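**Student:** Take a look at the following structure, please.
Just so you know, all these numbers are worked out from the coordinates, no wet-lab data involved. Note that this is a predicted model, so its numbers are computed, not measured. Every residue, glycine among them, receives a Cβ derived from its backbone with ideal geometry; neighbour counts consider all protein chains shown.
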Amino acid sequence: MGYEWFVSLRYLRAKRKQTFISVISFISIAGVTLGVAALIVVLAVMTGFHDGVRQQILGNVPHVLIQSHGKEIRDYGQVTEKALSVSPHVVSAAPFVSKEAMLLARGNVAAVNVKGIEPGNKIFVQKFLTVDDQDVEDLLFHDDRLIPGIVIGLDTATSLGVAVGDRLNVIPPMFTITPFGMIPKMKPFEIVGIFRHRGGFMDTYFAYVSLGQAQTFFDLPESASGIEVEVDSFDNARLVASELRQDFTYPYMVRSWEELFGSFLSALKLEKLGLFIVLGIIVLVAAFNIATTLIMVVMEKHKDIAVLRAMGATSRSIMKIFVLEGLIVGTVGTALGTVLGLFLAKNADPIIKWCEQVFKVKIFDQSVYGMDRFPSVVHSADVTAVVLVAMTISLLAAIYPAWRAARMDPAEALRYE
């Protein structure tokens, strides 16, 4: 095997010593490099945009939801602790209380889902309309408030005609029987914040209060409607849900966001697969460069091949020489492309901002996409798939030229020299 490697490396070099590698070999390596880098960058950007789109559509919907059939969860503290220890992908788990209700203010009515949450909920990472930039989380969970606080969406606030600091009445589907008939239960709340950015259309139907206030108001002491489990990535939700089902059997019910709202986003996976196939053609085109290069080398080195055969080299050895040459081109191109692709994908946002500053053009409008930065998320599975595809195509591209060189008759090759 030793001399086959030596001959393969020698055939990649230029005839003149001024250059380390021939122009044709350089073009072949560059083609594979650009193809692999383009695949990695585009898949990373698509993954980032998919996560952003999912956030825009789903908003604050939990990644995994644990509920109990037909009743509330009374031992929610133990359930929460157990859910946190199930998988390393679990980032947080928190109980919540949720009930439908009507909001009444200034003669206007809006239907919402009033949700009682704990401090640290992910809704507080988004931007709010507040008074004097006060901390919405502190206001909502302030124990000394005479009137409890509530957070609503901008669409709900517009429908009711209210602003931050105004009061509204929350009317749940609960009634008190009196001598005068059934009187609906009602309680005043003060609006401490209005969320307006990064929320999905699902958030329009939610209003948030503290968990303790919700338990008292909805007559659910020491109980929770369910447990919200957050994972480190949208894509890991199904795996975590499967692991949770092993520990939480009946009467518990475990569902991931895909099971709850997967119909909204089923096209995203097909879109990413389609882009992978289309961009894979770039690598395929680069593979034709490899095949063309090897065919030209075979035609150019037919005399050398004949001499090697005359010296005792077998057809198998000749084939190994050119297969190894194709693998070297594919390996070097794939390695360089992987490094370049990872660099561009990891630094996509600063690169985009630098291009915007230098060329004075708006490439990524944050107000249009509702994202603070240019999204780019690298998954090891995507990189591995790109590397395997590039190496496989490079190997297949080298087989025909190598087979043709192995079949060359040394006597015919030397006859016309």
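**Student:** Order of 140-149, 184-193 by packing, highest average Cβ count within 10 Å first?
**Tutor:** 184-193, 140-149
**Student:** Take each of the peptides 247-260, 392-405, 322-335, average the number of other beta-carbon atoms within 10 Å over its residues, and list them starting from the highest.
**Tutor:** The peptides rank, most packed first, as 322-335, 392-405, 247-260.
**Student:** Near the amide H of A207, under 5 Å away, which other amide H atoms are found, from residues 5 or more places off or on another chain, if H is placed in the peptide plane?
**Tutor:** Amide H neighbours of A207, under 5 Å, 5+ apart: N113, V114, K115.
**Student:** Moving on. Compute the distance from the alpha-carbon center of region 83-153 to that of region 322-361, in whole Å.
**Tutor:** What the calculation gives is 43 Å, centre to centre.
**Student:** Can I ask one more? Estimate the FRET efficiency between K353 and V91 by the formula 1/(1 + (r/R0)^6), using the beta-carbon distance for r and 30 Å for R0, to the nearest 0.05.
**Tutor:** 0.60
**Student:** Something else now. If R0 is 45 Å, what FRET efficiency do you get for T249 and I281 from their C-beta distance, rounded to 0.05?
**Tutor:** 0.40
**Student:** Can you tell me the order of 45-52, 84-91 when each peptide is scored by its average per-residue count of other Cβ atoms within 10 angstrom, highest first?
**Tutor:** Going by the mean number of other Cβ atoms within 10 Å, highest first, we get 45-52, 84-91.
**Student:** Within region 67-129, which trypsin sites (Lys or Arg not before Pro) sit in a loop by DSSP and count at most 16 neighbouring Cβ atoms inside 10 Å?
**Tutor:** R74, R106, K127
**Student:** Give me the net charge for the shell around E230: Cβ to Cβ below 14 angstrom, other residues only, Lys and Arg +1, Asp and Glu -1.
**Tutor:** So the surrounding residues net to -3.
**Student:** Additional query: Along region 162-169, what does the Karplus equation 6.51 cos²θ - 1.76 cosθ + 1.60 (θ = phi - 60°) give for ³J(HN,Hα), rounded to whole Hz, x for Gly and Pro?
**Tutor:** Calculated HN-Hα couplings, in order: 10, 9, 4, x, 6, 10, 9, 9 Hz.
**Student:** Still on this model: Can you give the FRET efficiency for A385 and K360, using 1/(1 + (r/R0)^6), R0 = 45 Å, r = Cβ-Cβ distance, to the nearest 0.05?
**Tutor:** Given R0 = 45 Å and the Cβ-Cβ separation, E is 0.75.
**Student:** Shifting gears a bit: So, counting K/R as plus one and D/E as minus one, what does the shell of residues with Cβ under 10 Å around V90 add up to?
**Tutor:** In short, -3.
**Student:** Give a residue-ordered list of calculated ³J(HN,Hα) values for region 387-392 (Karplus: 6.51 cos²θ - 1.76 cosθ + 1.60, θ = phi - 60°; whole Hz; x for Gly, Pro).
**Tutor:** 4, 5, 5, 5, 5, 5
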